[in-house]
Amino acid sequence: MVIPINPDIFFVKYYMYISNSIKDLIDSIRSRNVILFAGGGVSMNLGLPSWNQLIHKLAEDLGFNPVQFREMGDHLVLAEFYKLNKGIGSLRSWMDRNWHTPDIDISRSEIHKLLIELDFPMIYTTNYDRWIEYAFDHYHKPYVKIADVSDIRGIRDGVTQIIKFHGDFDHDSSIVLTESSYFDRLDFETPLDIKLRADVLGKSILFLGYSLTDINIRFLLYKLNKLWERANAKQAKPRSYILLIQPNPVQEKVLETRGITALVSENPDPKQGLIDFLRLLKGDKGEQPQRLTSE
């Protein structure tokens, strides 16, 4: 059951009610025992183009009416059709340019600043863009970017790993965008998948910036849970967490069976809700979320 926390009595309710979820998560982050999974919502807060804008671009390049084209399939099928007709190189270049426009100032992104201050040992991201890396550069914090198996040899103790789980603009072949590339991803047997399976042993995962309408993230959560089931050791699985923008009792119940605690920020502004949540995890005084719910 999801219980709202009244902001007027936040501190009392917070420590009495969700000490076993938020407090454990905070303690685990401070012990560097949490892996961050950063999704599209993290980058969208910078004003990057949406999937609808990407589909509009596909339609225009192919000579289709954008509204009609959008009804011909989901973004995976439409991207597959585009690749069959035009290849992926020019689209990747367009995405790279439009995802990294000079008017974006990473120093103004409080979300990225807080993510760095939380000092996760590993950040897995399904985003193609480089804004997490740029944030590390801006704040002069070392990191190792891992986009394919050859990058793994660069791992150094104490240095944050940024794993580009769905590819990187620097490697066309690594980008998971088309239906065929997504189906290949379903095998869950690439070197990065094998690395993930090893990394999650003994560590919690925090998912930020994801929508549960995205089959990619739901499949990932399912597969990770299956790893522990096959090992017959679900009782040893560290609890993981996902921040949701809106309550969804159906999804929350399903997530619970997979060892995922759903935390819901009910701030009407998703960006501010994420900022509030990150401030809470960092322990900033006087910057508590206006509303937070937990199962």
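Bear in mind these aren't lab numbers, they're just calculated from the coordinates by the rules spelled out. Note that the coordinates shown come from a computational prediction; the quantities given were computed from them, not determined experimentally. Ideal geometry is used to build each Cβ from the backbone, glycine not excepted, and the neighbour counts take in all protein chains shown.
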Item to complete: For the chain, with a Gaussian network of springs between Cα atoms less than 10 Å apart, report the residue from Glu71, Glu179, Glu229 with the top mean-square fluctuation.
Response: Glu71
Worksheet entry | For the chain, with +1 on Lys and Arg beta carbons and -1 on Asp and Glu, the positive-most of Ala147, Ile132, Val34 along the dipole | Val34
Practice prompt. Can you pull the one-decimal nm distance between simple spin-label points at Thr101 and Ser180, each 7 Å off the Cα toward Cβ?
Written response: 3.3 nm
Worksheet, complete the sentence: Percent antiparallel among DSSP beta bridges confined to the chain, rounded to 5, stands at 20 percent
Worksheet item: Magnitude of the Cβ-charge dipole of region 144-276, K/R +1 and D/E -1, about the Cα centre, nearest 20 debye?
Response: 640 debye
Fill in: Distance-filtered residues of region 57-75 - backbone nitrogen under 16 Å, label point 7 angstrom along Ser211 Cα→Cβ
70-71, 73-75
Fill in: Rounded FRET efficiency, nearest 0.05, which uses the C-beta distance separating Arg108 from Ser21 and R0 of 30 Å
0.45
Discussion item. Charges on Cβ only, +1 for Lys and Arg, -1 for Asp and Glu, centred on the Cα centroid of the chain; of Gln246, His166, Leu196, which one is farthest towards the dipole's positive end?
Written reply: Leu196
Discussion item. Given Cβ point charges of +1 (Lys, Arg) and -1 (Asp, Glu) and nothing else, what value in debye, to the nearest 20, does the dipole of the chain about its Cα centre take?
Written reply: 800 debye
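Taking 19 Å as the cut-off for C-alpha to C-alpha distance, list the pairs among Lys113/Lys141; Lys164/Lys253; Lys195/Lys237 that go past it. Intermediate results must be reported in sequence, preceding the final value.
Working: Lys113/Lys141 11 Å; Lys164/Lys253 29 Å; Lys195/Lys237 17 Å.
With Cα atoms farther than 19 Å apart: Lys164/Lys253.
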Worksheet, complete the sentence: Asserting the computed 222 nm helical MRE of the chain (DSSP H runs at least 4 long, -39500 (n - 2.57) per run, divided by residue count, to nearest 500) equals -12500 deg cm²/dmol
Worksheet item: Can you tell which of Asp170, Asp193, Asp103 shows the greatest fluctuation in a Gaussian network model of the chain with Cα springs below 10 Å?
Response: Asp103
Response to the item:
Counting sequence-distant residues (5 or more places) and residues on other chains, those with an amide H built under 5 Å from that of Thr261 are Ser240, Tyr241, Ile242
Item to complete: List the aspartates and glutamates whose Cα lies under 13 Å from the Cα of Lys203, skipping any in the same chain that are fewer than 8 positions away.
Response: Asp24, Asp27
Worksheet item: Once both labels are modelled 7 Å past Cα along the beta-carbon direction, what's the Arg156-Ser31 spacing in nm?
Response: 2.7 nm
Item to complete: Please give, to one decimal in nm, the separation of the simple spin-label points placed at Thr257 and Asp119, each 7 Å out from Cα toward the Cβ.
Response: 4.0 nm
Practice prompt. Once you've got the GNM for the chain with C-alpha springs shorter than 10 Å, pick whichever of His166, His140, His112 has the biggest mean-square fluctuation.
Written response: His140
Worksheet item: Quick one: Karplus J couplings for region 257-271, per residue in order, coefficients 6.51, -1.76, 1.60, θ = phi - 60°, nearest Hz, x for Gly and Pro?
Response: 5, 9, x, 10, 7, 8, 10, 10, 8, 9, 4, x, 9, x, 5
